[in-house]
Amino acid sequence: MSWATVQQATAQQVDGAPDWQSFARTVWLWTVHADRKDKDPKICRALDKLCRETGLYSPQEDCLPVILEPDIGRFLTALAIGTVTIWNEFRDASRNCEVAEFSSGTPEVGLSGWAPCAISCDDPKLLMMWSHDDVAGLICLSEEQRQTCPPEQFFEGEYARGDTYVDWLNPASRFPRKPRLLG
C-alpha cells in the first residue's frame, strides 16, 4: 500500500487530508512515540485503526524495515552490486553480506542481534542509511547510478535538494539552523 493511499485512507477518517509534510511528520512522530504538539492525534488514531483492520505493516525506526529487504535486493542487483557491508546503528559493527541474502524467502538479514541500519558498497560507491529516531531511509549514490537505476522504480520517496536537512520531517523553523552549502 503506497503512502499516498495511506494518507487518503486516514483523510477519510479525519475529515480531510493535511498536506503531505504534516501527514509524513505525524507518521514519523507516531512511529517514534514522540509527544509533540505538531503530532496530529486524529491521524494517529486513524493510523492505529488502519494498521489493526488491514494488517498494514507500520514503519520501523532506526533500521532497515524487514519488509523492504526484497526491494533492497532488487535495487542492489539492478546496480550490479553483489556484496555490500551492513552496519549496526552505532556503526561500530559490520559484516559483508551477499545481496542474495535480501531475497524473499530467506531469513531476515541481521548483524549479531542488530537489524541493519546502514548498507554500504565501495564499488560502485553507495550508502543507504536509517538514522536514529527516524523512519525514512536515505540513499546516497552518484548521478550516473541514479540515471541508470532510478530509486523511485523500487521505493517511494523524495529527492533531497542541496538545502534539505537530514531531519527533513521537522519544520525548518523548529530550531536555529546552520546552513552549509554543498559544492
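Here is how the numbers come out for the structure above:
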item	result
Unique residue being in contact (Cβ under 8 Å) with a residue 12 or more places away in the chain and touching a Ser or Thr at 6+ places or on another chain (Cβ under 8 Å) when the list is THR10, THR54, THR31	THR31
Tabulated pairs, segment 68-82, first over 12 Å from GLU108 (Cβ atoms), second open to solvent by 40 Å² or more (accessible area, probe 1.4 Å) and modelled with pLDDT of 95 or more, C-beta under 7 angstrom, 6+ apart or interchain	GLY82/GLU98
Qualifying positions in segment 19-59 - of a type in the set (Ser, Thr, Tyr) and open to solvent by less than 30 Å² (accessible area, probe 1.4 Å)	THR26, THR31
Selection within segment 1-18 - among the hydroxyl-bearing types (Ser, Thr, Tyr) and surrounded by 15 or more Cβ atoms within 10 Å (Cβ to Cβ)	THR10
Check on ALA160, modelled with pLDDT of 90 or more, surrounded by fewer than 18 Cβ atoms within 10 Å (Cβ to Cβ) and among the hydrophobic types (A, V, I, L, M, F, W, C)	no
Options SER120, SER104: the member that is small (Gly, Ala, Ser) and part of a strand (DSSP E or B)	SER120
Positions within segment 1-29 being on the phi > 0 side of the Ramachandran plot and either small (Gly, Ala, Ser) or modelled with pLDDT of 85 or more (or both), in sequence order	GLY16
Residue match in segment 100-122 (condition: hydrophobic (A, V, I, L, M, F, W, C), under 14 Å from the mean Cα position of the chain (by Cα), surrounded by 13 or more Cβ atoms within 10 Å (Cβ to Cβ) and modelled with pLDDT under 90)	yes
Tally, over segment 123-157, of residues that are touching a Leu at 6+ places or on another chain (Cβ under 6 Å) and either open to solvent by 60 Å² or more (accessible area, probe 1.4 Å) or in a loop (DSSP other than H, G, I, E, B) (or both)	3
Test: residue in segment 62-79 that is in contact with a Pro (Cβ under 8 Å, 6 or more places away or on another chain), in a loop (DSSP other than H, G, I, E, B), hydrophobic (A, V, I, L, M, F, W, C) and at pLDDT 90 or above	yes
Qualifying positions in segment 35-47 - touching a helix residue (DSSP H, G or I) at 6+ places or on another chain (Cβ under 8 Å) and either assigned to a helix (DSSP H, G or I) or of a type outside the set (D, E, K, R) (or both)	LYS42, ILE43, CYS44, ARG45, ALA46, LEU47
Hits in segment 60-99 - residues which are of a type in the set (Ser, Thr, Tyr), under 18 Å from PHE154 (Cα atoms) and open to solvent by less than 70 Å² (accessible area, probe 1.4 Å)	none
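Residue by residue, here is whether (1) over 16 Å from the mean Cα position of the chain (by Cα); (2) within 23 Å of ASP133 (Cα to Cα) holds:
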site	(1), (2)
VAL6	no, yes
TRP28	no, yes
GLU53	yes, no
THR77	yes, no
THR83	yes, no
ARG91	yes, yes
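The values are calculated or read from the model by the stated rules, or taken from the named source; none is laboratory data. Please read these numbers as outputs of a predicted model, since none were measured by experiment. Neighbour counts run over all protein chains shown; Cβ positions are idealised from the backbone, glycine included. These accessible areas exclude ligands, DNA and RNA; they are computed on the full protein's heavy atoms, side chains included. Shrake-Rupley method; radii C 1.70, N 1.55, O 1.52, S 1.80 Å.
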